[in-house]
Amino acid sequence: MTASLDECWLKITRAESHFDIVKSAIHGFLQPNPERIAGQLDAESGEEVYYTRRYPGTRREWSIIIGDALQNWRNALDYIVCGLVRMNGEEPSSSNAFPIVDRESDYPAQSKQRIARVYPGSEAVVEGLQAFNRGNAPEDDPLCRLRDMNNWDKHKALHTTTHVVQLESAWPVRMSEDPSAGKFVSGAFERERPLARIPADRELGQAYAEMVFDATFDIAFEGGPPLTEGLEVIETLQQIGDFVRFETLPRFAQFFA
């Protein structure tokens, strides 16, 4: 009995088309807008507070498309195992699937069920792709992320997203004669969390410093599986897709020749 990787490639292509839709939508959503960082006088503290404005909500339809992309990438992996069973002259069962395991101690039990009756020699390739054999912690591994994100989408809820801003630097363009030190916070922020507090002149109602910020806006996962909490959406999906396309499928081509 023969099989091929053609259906796996079709699934990958479909996943990538979903990803392209999400990527284009996010890039369009994050077009530069100088209104995004603004200052407001805090009468109680006497400071000019610069903060990220509350954005319009991220698009719910992104969550549906993200789930579709994840499912197709996961399907491609499972199709590999089913194809390997067919190449060995057998028919795959409902237990056959591509195992993705965090700990080496758990792998024998999982693999015994998932990759039973695959083409001889292919078992070592499947095992070699596990995070524990590539020196990756599960939270940093694209296959482990794919597994958890796909399971979350199938069984629990949609993957929700939120806005974040990374403050790279800030500098004054005007200072008074005697300003106090400003307070700056760097890192990722959500919605209206302050980026900086600058001493203000209470009588004039203005800051001692006019500030220019170098900041990067992005969309990150929020409230999903722990492995992806706070990760940037585009970067995370890109890593998963690249690993499936470039690191996983090519290693099995030898068994389908």
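Miscellaneous remarks
- Strands (runs of 3 or more DSSP E) contained in the range 129-248 and holding at least 1 residues at pLDDT 95 or above: none
- Taking the range 1-118 as the region of interest, the helices (runs of 4 or more DSSP H) fully inside it that hold 3 or more residues being at pLDDT 95 or above, buried (at least 19 other Cβ atoms within 10 Å of the Cβ) and out of contact with any Gly (no Cβ under 8 Å at 6 or more places or on another chain) are 6-29, 60-87.
- Which numbered condition ALA124 fails, given (1) surrounded by 19 or more Cβ atoms within 10 Å (Cβ to Cβ); (2) at pLDDT 75 or above: (1)
- Residues (touching a strand residue (DSSP E or B) at 6+ places or on another chain (Cβ under 9 Å) and surrounded by 13 or more Cβ atoms within 10 Å (Cβ to Cβ)) located in the range 231-257: LEU231, GLU232, VAL233, ILE234, THR236
The values are calculated or read from the model by the stated rules, or taken from the named source; none is laboratory data. Keep in mind it's a predicted model, so treat the numbers as computed, not measured. As a convention, Cβ positions derive from the backbone with ideal geometry for all residues, glycine included, and neighbour counts pool all protein chains shown.
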